Amino acid sequence: MGECGLVLPKGAPPVPEEISATSWLVADLDTGRVLAAKDPHGRYRSASTMKIALAIVALRTLDMDKVVIGTQADADVDGTRVGIGPGGRYTNRQLMQALVMHSGNDAAHAIAAQLGGDEAAVAKMNEVAKSLRALDTRASTPSGLDGPGTAISAYDLAVLFREAMTIPLFAELIHTEQVDFPGYPADPKIPDDKDHPGFPIANDNQLLYNYEGAIGGKTGFTDDARQTFVAAAERDGHRLVVTLLKADVLPIRPAPQAARLLDYGFALENNTAEWIGKLPETGVHAVAPTVPLATPPTRTDDVGALGGEEVPHTAARLAVMVVGPILVLGLLLAAWRSFRRR
């Protein structure tokens, strides 16, 4: 699946029209089989779909019943905000609702603060991506706002979403249409300020309301990333995931584009047993402080490049450690005998 263009099974029908996404992928959520894709490993900006990586870390690290006090720093973050206010009292579960359902960057900030701050949270997000072999992914902010080096691929977004779906609360949140969110108290520093009452928040994934069998998903947008989207749906016992990167709202918006690709994927799964690739297995449960990664390949000495036998560096070091002292001892003994003869 290293192609930059369309990657389809043999004999597959033409892909749906009006798909503006530069990169996309459709896969079976349960088996991991990739059914169709376009530029699946191309690296693009993620926007708020990167919050899925933060959700994986937070849901497996934080106590969801713990109460967190909102700060002015939470309220002042850039981009989309759910409405966290200074002095407000929020459980981590409510912060996760704001993060997943409403894509609140203020919620991402409050969650990251509990993980050691933005830098530590981003490091954990990147560790999770590497542990899942999502090697096209690099988070630079907890919220998914554009930052230096931010990248994700349609393939990796499906990998992260599939992993997140193994966490029951994540699966519940992306399928929730509306919840009540707490307010926050009046600011004593502001004259005549009054308490801010709670309010309902709705899931911003339109596919959830308009597509039969929709399971849920995550939206994203920045000026650089354009429209990004990941969603899943179920039909006839099959669950599919679709990802879109660098899409536009014309000729149709991302949710209808995803719906057409899901229809296409369900038709492929029903009409052919062929597939073009496979997502890695799910089930990573250790996320901090370091996630075990695959053992790097053994390095070799230059002698191998010159036509001799390759010798692993570890073996070479061991030989030096053992043979070196023996040689030194032999030289000292020879010098001592020579001295005695004199």
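What is the residue count in the range 66-100 for residues that are touching a Leu at 6+ places or on another chain (Cβ under 9 Å), assigned to a helix (DSSP H, G or I) and more than 16 Å from P142 (Cα to Cα)?
Here the count works out to 1.
Look at G198 and say whether it is touching a His at 6+ places or on another chain (Cβ under 6 Å), touching a residue at least 12 places away in the same chain (Cβ under 8 Å) and under 27 Å from L59 (Cα atoms).
The answer is no for G198.
Going through L261, L208 one at a time, which residue ends up being out of contact with any Asp or Glu (no Cβ under 7 Å at 6 or more places or on another chain), buried (at least 17 other Cβ atoms within 10 Å of the Cβ) and either in the same structural domain as V15 (by TED's automatic domain parsing) or under 26 Å from T91 (Cβ atoms) (or both)?
Within the list L261, L208, the selection yields L261.
In the range 19-54, how many residues are more than 13 Å from L157 (Cβ to Cβ) and assigned to a helix (DSSP H, G or I)?
The qualifying residues number 1.
One line per residue, one yes/no per condition, for (1) touching a Leu at 6+ places or on another chain (Cβ under 7 Å); (2) touching a residue at least 12 places away in the same chain (Cβ under 8 Å); (3) aromatic (F, W, Y):
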residue: I190; (1), (2), (3): no, no, no
residue: D193; (1), (2), (3): no, no, no
residue: G220; (1), (2), (3): no, yes, no
residue: D248; (1), (2), (3): no, yes, no
residue: P254; (1), (2), (3): yes, yes, no
residue: A258; (1), (2), (3): yes, yes, no
residue: L262; (1), (2), (3): yes, yes, no
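Output the number of the condition that Q97 fails; it satisfies all remaining conditions of (1) in contact with a Lys or Arg (Cβ under 7 Å, 6 or more places away or on another chain); (2) under 17 Å from A58 (Cβ atoms).
(1)
The values are calculated or read from the model by the stated rules, or taken from the named source; none is laboratory data. The structure presented is a predicted model; accordingly, all values stated were derived computationally and were not measured. For neighbour counting, all protein chains shown are included, and Cβ atoms are generated from backbone atoms with ideal geometry for every residue, glycine included.
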